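Remarks on the structure that follows.
The values are calculated or read from the model by the stated rules, or taken from the named source; none is laboratory data. None of these values were measured; they are calculated from a predicted model. All Cβ positions, even for glycine, are placed from backbone atoms using ideal geometry, and neighbour counts span all protein chains on display. Accessible surface is based on the protein model in full, side chains and every heavy atom, while ligands, DNA and RNA are left aside. Shrake-Rupley method; radii C 1.70, N 1.55, O 1.52, S 1.80 Å.
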Amino acid sequence: MLWALTTARAVLGHRTAGWVRTMASHSLLVAPPAALSKPLFIPSRLLLGPGPSNLTPRVMAAGGLQVLGHMHQEVYQIMDEIKQGIQYVFQTRNPLSLAISGSGHCALEAALFNLLEPGDSFLVGVSGIWGQRAQDIAERIGARVYPMVKAPGGHFTLQEVEEALARHKPALLFLAHGESSTGVLQPLDGYGELCHRHQCLLLVDSVASLGGAPVYMDQQGIDVLYSGSQKVLNAPPGTSLISFSNKAKNKIYARKTKPVSFYLDIQWLANFWGCDDKPRTYHHTTPVTSLYSLRESLAHLAEQGLENSWRQHREASEYLHACLQGLGLQLFVKDPALRLPTITSVVVPTGYDWRDIVKYIMDHHDIEIAGGLGPSAGKVLRIGLLGGNATRESVDRVTRALREALQRCPRSKL
């Protein structure tokens, strides 16, 4: 017996050495990073920029739960509950409502990749960075793009849109409901009906506005609506919400060419999310723990109620506006009716470098605010009151920080 064990060890030893030589056929060039041997440290900050926002305890707890397989029945149940939550927050009965495994940019691409084919006419409202991005994406897939351009702070009237619809005869119109780069709230009433009179579909970006300002997808005639997880929903970045009307669905299913992205092919995603009444087929591995968090964020908003959330953001933003004006600062959007309740844009005060103000507030108060973005860069400061951060306490903290920054930051006399 002893001889047999000794022989077995010798044989296994030779085999193990062979396996090691086979697996490690080269010496390692890169050593384990020293930084990864240190504990992870995350500072405590109040995120009052345009997003992401601070996570609620409920959402953080959901994100810490054990992962399940993305095709387990329990995960399918969570996906079904997310769909119902999307229908509630969008105020739609569209069966084709689902979450995208990607940020709001991913949802915008999903909409354009599936609705537009090469040569299709696309009308884009460009009053900030999100119209610019929609234009860029559509040009990449060969659409004929017609931008309606407004200076930062502007919006599009029904008359302007009707004239452009009649001139360009587009298949699709893009409008950003909440233009986070400028702080403008684009009106939506009447635009869907206008588009449909011109045989055009209406695509709306509500990433910065959902939950903070009223939007009624079905009643406003919106054909495609999308939003993100990381703003009013107070969920981690990386998932987005999207819904398609029957008219939009019919256009997608009647395509002559395949969408340019398999990952964002809505026909595949509709099946995977259980939107087509067929047995679900594997499409991709969803970020399961992010779905837990998204489900809980939608549940929180449903429990609070949309009307209460809209009122909370309106009241908090009005209080912020009064405090900012009390500091002698000028609001960038002149018309109060066009001010986005979730993200307020402030004219950079004369003589200051906006970067100094943002850095001072971060370094001395652990509060994030932001400068402009895209066409508003260098022109504005942006302060976000998103979801649970839309409180008088948040406003008081950022007001004190701003007052101190204006006293301490260098100011040019030119």
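Ala35 fulfils the conditions (1) open to solvent by less than 40 Å² (accessible area, probe 1.4 Å); (2) in a helix (DSSP H, G or I); (3) not charged (D, E, K, R) except for a single criterion, (1). Taken residue by residue, segment 356-372 has no member that is at pLDDT 95 or above, in contact with a Cys (Cβ under 8 Å, 6 or more places away or on another chain), open to solvent by 10 Å² or more (accessible area, probe 1.4 Å) and not in a helix (DSSP H, G or I). The set of residues from segment 316-348 being in a loop (DSSP other than H, G, I, E, B), open to solvent by less than 60 Å² (accessible area, probe 1.4 Å) and out of contact with any helix residue (DSSP H, G or I) (no Cβ under 7 Å at 6 or more places or on another chain) comprises Leu329, Phe332, Val333, Leu340. Among the residues of segment 56-88, those identified as among the small types (Gly, Ala, Ser) and open to solvent by less than 40 Å² (accessible area, probe 1.4 Å) are Ala62, Gly63, Gly69, Gly85.
Filtering segment 285-339 to residues that are under 30 Å from Phe272 (Cα atoms) and among the charged types (D, E, K, R) leaves Arg295, Glu296, Glu303.
For the structure I just gave you, tell me whether Arg280 is over 21 Å from Ser394 (Cβ atoms), modelled with pLDDT of 95 or more, open to solvent by 40 Å² or more (accessible area, probe 1.4 Å) and outside the structural domain of Arg403 (by the TED database). Yes.
Just one of (1) within 18 Å of Ser180 (Cα to Cα); (2) buried (at least 21 other Cβ atoms within 10 Å of the Cβ) fails for Lys379. It is (2). In segment 232-245, the residues that are free of Cβ contacts under 8 Å to residues at least 60 places away in the same chain never reach a residue that is of a type outside the set (Ser, Thr, Tyr) and outside any loop (DSSP other than H, G, I, E, B) with C-beta atoms less than 6 angstrom apart, at least six apart or across chains.
Applying the set (1) part of a helix (DSSP H, G or I); (2) open to solvent by 10 Å² or more (accessible area, probe 1.4 Å); (3) farther than 17 Å from Arg255 by Cβ to Arg93 leaves exactly one unmet item: (1).
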